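K.L.:
If you scroll down you'll find the structure; I have some questions about it.
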Amino acid sequence: MRPPFDPALYLVTDTALAGPRGVPEVVRAAVAGGVTAVQVRDKTASRRELYALTLAVKEVLAGTGVVLFVNDAVDVALLADADGVHVGQDDLPAADVRTLVGPDRLLGLSAGSDDELAVALALPPGTVDVVGIGPVWSTPTKPDAGTGLGPGGVAALAAKAAAGGLQSVAIGGIDVERAPLVTGVDGICVVSAICAAPDPAAAARALRSAR
């Protein structure tokens, strides 16, 4: 059985932005402030480093009920016994990832256009649990993500996702001022708004109250 998943405030980690505090401590504070899901992402880490980081974050999340995703690295997600994995459109095909991870883990898939969302909606029911829609606004943490969809574009895709039985989260350039503008989704994903914040717990609380 897949773990309960609350996508309200979904944190994607950034090792560089976390700085000397380290990702696990940022996650600990963010969860105390109201983060409901965490995705470990580090494009520059080796698989061994990513595995160690995932285990460290998993230890922080133990007993909190906050689910743990791993970005792209299905092997690391399996070895670390994470709750789920998130893949992009250019990563391993979602149907094959579902086969690898089995029926009891969560699977997220990025969707930044109608065509990409159609890929998710065409999959057998239960393949994908959540689509990450974005970028809402262009963002320096993922410069290859393309131009922003804007809140209206995100809301339109989110409505189609919901009609197809998928949860959705918006990502890309969201901060406490912009969070109220993002509607129609089940939650918001943030990176720098928490990872770069002087007080990640306070940043998480502000983001929760903003929605």
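K.L.:
Residue by residue through segment 186-211, note down the ones that are without any contact (Cβ under 8 Å) to a residue 60 or more places away in the chain, touching a helix residue (DSSP H, G or I) at 6+ places or on another chain (Cβ under 9 Å) and not in a helix (DSSP H, G or I).
P.N.:
Within segment 186-211, just Ala197 meets the criteria.
K.L.:
If Ala56 satisfies all but one of (1) buried (at least 16 other Cβ atoms within 10 Å of the Cβ); (2) out of contact with any Leu (no Cβ under 6 Å at 6 or more places or on another chain); (3) closer than 29 Å to Val154 by Cβ, what's the number of the condition it fails?
P.N.:
(3)
K.L.:
Looking at Thr147, Thr127, which one is modelled with pLDDT of 95 or more, more than 16 Å from the chain's Cα centre (by Cα) and polar (S, T, N, Q)? Can you show your working first?
P.N.:
Details: Thr147 fails: modelled with pLDDT of 95 or more.
Residue meeting the stated conditions: Thr127.
K.L.:
Quick check on this structure: which one of Leu53, Leu9, Leu17 is touching a Lys or Arg at 6+ places or on another chain (Cβ under 9 Å) and either over 24 Å from Val185 (Cα atoms) or modelled with pLDDT of 95 or more (or both)? Talk me through it step by step, then tell me what you get.
P.N.:
Working: Leu53 fails: touching a Lys or Arg at 6+ places or on another chain (Cβ under 9 Å); Leu17 fails: touching a Lys or Arg at 6+ places or on another chain (Cβ under 9 Å).
Being touching a Lys or Arg at 6+ places or on another chain (Cβ under 9 Å) and either over 24 Å from Val185 (Cα atoms) or modelled with pLDDT of 95 or more (or both) holds for just one of Leu53, Leu9, Leu17, which is Leu9.
K.L.:
Given the conditions (1) under 18 Å from Ser192 (Cβ atoms); (2) part of a loop (DSSP other than H, G, I, E, B); (3) among the β-branched types (Val, Ile, Thr), which single one is not true for Thr64?
P.N.:
Only one criterion is unmet by Thr64, namely (1).
K.L.:
In segment 32-54, which residues are part of a helix (DSSP H, G or I) and free of Cβ contacts under 8 Å to residues at least 60 places away in the same chain? Walk me through how you get there before you give the answer.
P.N.:
The first filter runs over segment 32-54 and keeps only residues part of a helix (DSSP H, G or I), leaving 32-33, 47-54.
Scanning segment 32-54 gives Arg47, Arg48, Glu49, Leu50, Tyr51, Ala52, Leu53, Thr54.
K.L.:
Consider segment 1-38. How many of its residues are among the small types (Gly, Ala, Ser) and in contact with a Gly (Cβ under 8 Å, 6 or more places away or on another chain)?
P.N.:
Taking segment 1-38 and keeping what is among the small types (Gly, Ala, Ser), we get 8, 16, 18-19, 22, 29-30, 32-34, 37.
Retained after the next criterion (residues that are in contact with a Gly (Cβ under 8 Å, 6 or more places away or on another chain)): 8, 37.
Residues flagged as among the small types (Gly, Ala, Ser) and in contact with a Gly (Cβ under 8 Å, 6 or more places away or on another chain) within segment 1-38 amount to 2.
K.L.:
How many residues does segment 34-44 contain that are closer than 17 Å to Val87 by Cβ and surrounded by fewer than 21 Cβ atoms within 10 Å (Cβ to Cβ)? Break it down into steps so the answer makes sense when it comes.
P.N.:
Pass one, segment 34-44, residues closer than 17 Å to Val87 by Cβ: 37-43.
Okay, now just the ones that are also surrounded by fewer than 21 Cβ atoms within 10 Å (Cβ to Cβ), so 42-43.
Within segment 34-44, residues that are closer than 17 Å to Val87 by Cβ and surrounded by fewer than 21 Cβ atoms within 10 Å (Cβ to Cβ) number 2.
K.L.:
Go through segment 174-186 and count every residue that is touching a Ser or Thr at 6+ places or on another chain (Cβ under 8 Å) and surrounded by 22 or more Cβ atoms within 10 Å (Cβ to Cβ).
P.N.:
1
K.L.:
Please go through segment 25-53 and give me each residue that is of a type in the set (Lys, Arg) and within 15 Å of the chain's Cα centre (by Cα), ordered by number. Spell out how you get there, then give the answer.
P.N.:
From segment 25-53, those of a type in the set (Lys, Arg) are 28, 41, 43, 47-48; that's our starting set.
Answer for segment 25-53, where residues must be of a type in the set (Lys, Arg) and within 15 Å of the chain's Cα centre (by Cα): Arg41, Lys43.
K.L.:
Okay, next question. If you scan segment 1-13, which residues turn out to be buried (at least 20 other Cβ atoms within 10 Å of the Cβ) and either in contact with a Cys (Cβ under 6 Å, 6 or more places away or on another chain) or charged (D, E, K, R) (or both)?
P.N.:
In the first step, residues of segment 1-13 are kept if they are buried (at least 20 other Cβ atoms within 10 Å of the Cβ); the result is 5, 7, 9-13.
Correct list: Tyr10, Val12.
K.L.:
Only one of (1) touching a residue at least 40 places away in the same chain (Cβ under 8 Å); (2) in contact with a strand residue (DSSP E or B) (Cβ under 7 Å, 6 or more places away or on another chain); (3) over 27 Å from Gly33 (Cβ atoms) fails for Leu106. Which number is that?
P.N.:
Leu106 satisfies every listed condition except (3).
K.L.:
Follow-up. Considering only residues of segment 80-97 that are among the aliphatic types (A, V, I, L, M) and under 15 Å from the mean Cα position of the chain (by Cα), which is farthest from Asp42 (Cα to Cα)? Break it down stepwise before answering.
P.N.:
Our first condition is that a residue be among the aliphatic types (A, V, I, L, M); within segment 80-97, this holds for 80, 82, 85, 87, 92, 94-95, 97.
Now drop any that are not under 15 Å from the mean Cα position of the chain (by Cα), which leaves 82, 85, 87.
Numbers: Ala82: 15, Val85: 13, Val87: 13 Å.
Ranking the qualifying residues of segment 80-97, first place goes to Ala82.
K.L.:
Residues of segment 192-211 being within 11 Å of Ala32 (Cβ to Cβ), of a type in the set (D, E, K, R) and surrounded by 17 or more Cβ atoms within 10 Å (Cβ to Cβ), which ones?
P.N.:
Residue satisfying the conditions is Arg205 alone.
The values are calculated or read from the model by the stated rules, or taken from the named source; none is laboratory data. Computed from a predicted model, the values in this text were never measured in an experiment. Glycine also receives a Cβ, built like all others from the backbone with ideal geometry; neighbour counts cover every protein chain displayed.
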